[in-house]
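The values are calculated or read from the model by the stated rules, or taken from the named source; none is laboratory data. Computed from a prediction, not measured in an experiment: that's the story for all the values here. Cβ atoms come from the backbone with ideal geometry, glycine included; neighbour counts cover every protein chain shown.
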Amino acid sequence: MKVCIVGTGMDGRDTLTKEAENAVISADILIGAERMLEPFMQSGKELFISYKPAEIARKIRECSCGTAAVLMSGDCGFFSGAKKLLPLLKEHDISVFPGISSAVYFCGRLGISYENMQFVSLHGRAANIAVNVRMNERCFFLLGGGTSASAVCERLCSFGLPDVTVHIGADLGSENERILSGTASGLAGTDIVGLAVMIVENRAYLRHIPSAIGDDEFTRGEIPMTKSEVRCIAVSKLNICADSVVWDIGCGTGSVSVEAAFRCPDGQVLAFDKKPEAAALTDKNAHIFGCDNITAAEGECPGILAGAPAPDKVFIGGTSGNMAAVFDCVRAKSPAADIVVTAVSLETLHEAVSCFERYGSAPEVVQAAVTRTKKVGDHTMLQAQNPVFIISGRLK
């Protein structure tokens, strides 16, 4: 059977490409969500209303007609249901007809280039908004899943980005189309809901991935902190990917969490500490640095780790003597996780090496002895910091 996957553009008719229109005309049956089929209700063709890939695939298998056209909103290559549907139709003759995506249409209406834009879908997600805006000049957000334009603006304000420029587009391509532009703070109360997209422009975006952030840039209080140079080495040893799930155990001020968060803008950092003031401080620093992909929680390890998502990368800055139990928990959830431990005593070093050898292999051990300068009168004095062991490896 011939199956055409058709991107219908914005309104399902006027924004169809000629190629897509011909595919619709030649089809014996049209399949798609009710909104996709609405323009063709009077076409005289057989219609099957569904947006679920499994239901669509089953209908096509049961159908005896020659050609089916499955209608997808926008472009079938841009956050589309076609991604899940195509693997279910391998036995059929498939043709894909791209459409005009909401991003392309909206950028055209605004006169904005999208060649260097970061694209983020918020369907089923509520985080990774501010951190992406912090790291990119322009971000396109596909709203949905309960995340409204107002909620995105409020989140940007909460994470220190009230003055970024925001463009909101709703019901694009329809007679009810609305486009609003302003700042995040100015549009935080907008009433736009439903089918909407956003573009956020941040002229002051970071042009680098922050590393070895100055200690004095963090709010600290009386909570211990992994210092700049050691933190830089420790985070680099984790080899964090853009979508990694990172655990920061014994998070303290959250300095490691922040540097990890900038490395996984599409992932998340889960920070844990037994001291409530440490978890609160980590959350505060996450807001200061605009890292809304950090979630800080107070509780004893390993108990608090039981309900956490499986980690890809784990930093252990402190376990209060429960290191073996923490390794047990990590191994149970993620047998191939990368782990980095910092130690300032020989006893902790021995404990960490023993844990790696029990669950993985002999780790790499680096000792960092940092000396900083301090001006005293006309002289520059050397101030040695405490030596720190950095133990890193992968479970097996």
Being farther than 16 Å from Ile391 by Cβ and in a helix (DSSP H, G or I) is the filter; apply it to region 218-231 and report the residue that is nearest to the chain's Cα centre (by Cα).
-> Ser228
Residues that are in contact with a Ser or Thr (Cβ under 6 Å, 6 or more places away or on another chain) and either more than 26 Å from Ala170 (Cα to Cα) or hydrophobic (A, V, I, L, M, F, W, C) (or both): find the strands (runs of 3 or more DSSP E) completely inside region 1-60 holding 1 or more of those.
-> 2-7
Considering residues that are at pLDDT 90 or above and either within 20 Å of Arg61 (Cβ to Cβ) or among the polar types (S, T, N, Q) (or both), the number found within region 1-22 is 8
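Table: residues versus (1) assigned to a loop (DSSP other than H, G, I, E, B); (2) surrounded by fewer than 24 Cβ atoms within 10 Å (Cβ to Cβ); (3) out of contact with any helix residue (DSSP H, G or I) (no Cβ under 6 Å at 6 or more places or on another chain); (4) touching a residue at least 24 places away in the same chain (Cβ under 8 Å).
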site	(1), (2), (3), (4)
Asp243	yes, yes, yes, yes
Val246	no, no, no, yes
Cys251	yes, no, no, yes
Leu281	no, no, yes, yes
Are any residues in region 289-327 surrounded by fewer than 17 Cβ atoms within 10 Å (Cβ to Cβ), assigned to a helix (DSSP H, G or I) and in contact with a helix residue (DSSP H, G or I) (Cβ under 8 Å, 6 or more places away or on another chain), and if so, which ones?
-> Ala324
When only residues in region 62-103 that are in a strand (DSSP E or B) and small (Gly, Ala, Ser) count, which is nearest to the chain's Cα centre (by Cα)?
-> Gly74
Kindly indicate which of Ile213, Ile168 is closer than 24 Å to Thr282 by Cα and surrounded by 15 or more Cβ atoms within 10 Å (Cβ to Cβ).
-> Ile213
Check Cys107, Cys153, Cys139 and return the single one that is more than 26 Å from Thr17 (Cα to Cα), outside any strand (DSSP E or B), in contact (Cβ under 8 Å) with a residue 12 or more places away in the chain and not basic (Lys, Arg).
-> Cys153
If you check Ser102 against the conditions, is it crowded, with 20+ Cβ neighbours inside 10 Å and hydroxyl-bearing (Ser, Thr, Tyr)?
-> yes
Residues that are surrounded by fewer than 19 Cβ atoms within 10 Å (Cβ to Cβ): which strands (runs of 3 or more DSSP E) entirely in region 329-396 hold 3 or more of them?
-> 364-368, 371-376, 379-384
